[in-house]
1. If you check 94, 133, which single one turns out to be surrounded by 14 or more Cβ atoms within 10 Å (Cβ to Cβ), in a loop (DSSP other than H, G, I, E, B) and at pLDDT below 90?
2. Going by the structure shown, is residue 29 in a helix (DSSP H, G or I) and either under 14 Å from the mean Cα position of the chain (by Cα) or at pLDDT below 95 (or both)?
3. Between 89, 36, 109, which is out of contact with any strand residue (DSSP E or B) (no Cβ under 7 Å at 6 or more places or on another chain) and in a helix (DSSP H, G or I)?
4. From the list 62, 50, which one is at pLDDT below 90, out of contact with any strand residue (DSSP E or B) (no Cβ under 7 Å at 6 or more places or on another chain) and assigned by TED's automatic domain parsing to the domain that holds residue 19?
5. Would it be correct to say that residue 88 is in contact with a helix residue (DSSP H, G or I) (Cβ under 6 Å, 6 or more places away or on another chain), modelled with pLDDT under 85 and not assigned by TED's automatic domain parsing to the domain that holds residue 23?
């Protein structure tokens, strides 16, 4: 079986590691030759191809994200069909730790998505209280 196979199932083996935030399983699959750029069929069907970095942000996988950023795997500037980078997704979930790590790794905090919104706009929009979100962002940056 290929560590990148996705024909029979809707998810790649790498994306399956996001379910349990298993950095060791992720690292093992990479060592076995898994394609870091493979896209899950489940996301293609909904018309939005998400890279593994997008998925790690979406599923809030702190352990896998630490590993990926440490080894500089994946493209921080990779965009989904609607222009979202992993940073936009992390900001939408108001995950300050992940936002900080992505920015420290070089992700552009001012990058606009397909609608012209920055990650900061996403965080403010999805935060319960915009003033709290702004305060958190000022502390973060």
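The values are calculated or read from the model by the stated rules, or taken from the named source; none is laboratory data. What you see is a predicted model, and the numbers here were worked out from it, not measured in a lab. Neighbour counts are summed over all protein chains in view; Cβ atoms, including those assigned to glycine, are modelled from backbone coordinates with ideal geometry.
1. Details: 133 fails: in a loop (DSSP other than H, G, I, E, B).
Of 94, 133, the one residue that is surrounded by 14 or more Cβ atoms within 10 Å (Cβ to Cβ), in a loop (DSSP other than H, G, I, E, B) and at pLDDT below 90 is 94.
2. Working: in a helix (DSSP H, G or I): yes; either under 14 Å from the mean Cα position of the chain (by Cα) or at pLDDT below 95 (or both): yes.
When the stated conditions are applied, residue 29 passes them.
3. Numbers: 36 fails: in a helix (DSSP H, G or I); 109 fails: in a helix (DSSP H, G or I).
None of the other options fit; the residue is 89.
4. Numbers: 62 fails: at pLDDT below 90.
Exactly one residue qualifies, and that residue is 50.
5. On the way: in contact with a helix residue (DSSP H, G or I) (Cβ under 6 Å, 6 or more places away or on another chain): yes; modelled with pLDDT under 85: no; not assigned by TED's automatic domain parsing to the domain that holds residue 23: yes.
No; evaluated as a whole, the condition is false for this residue.
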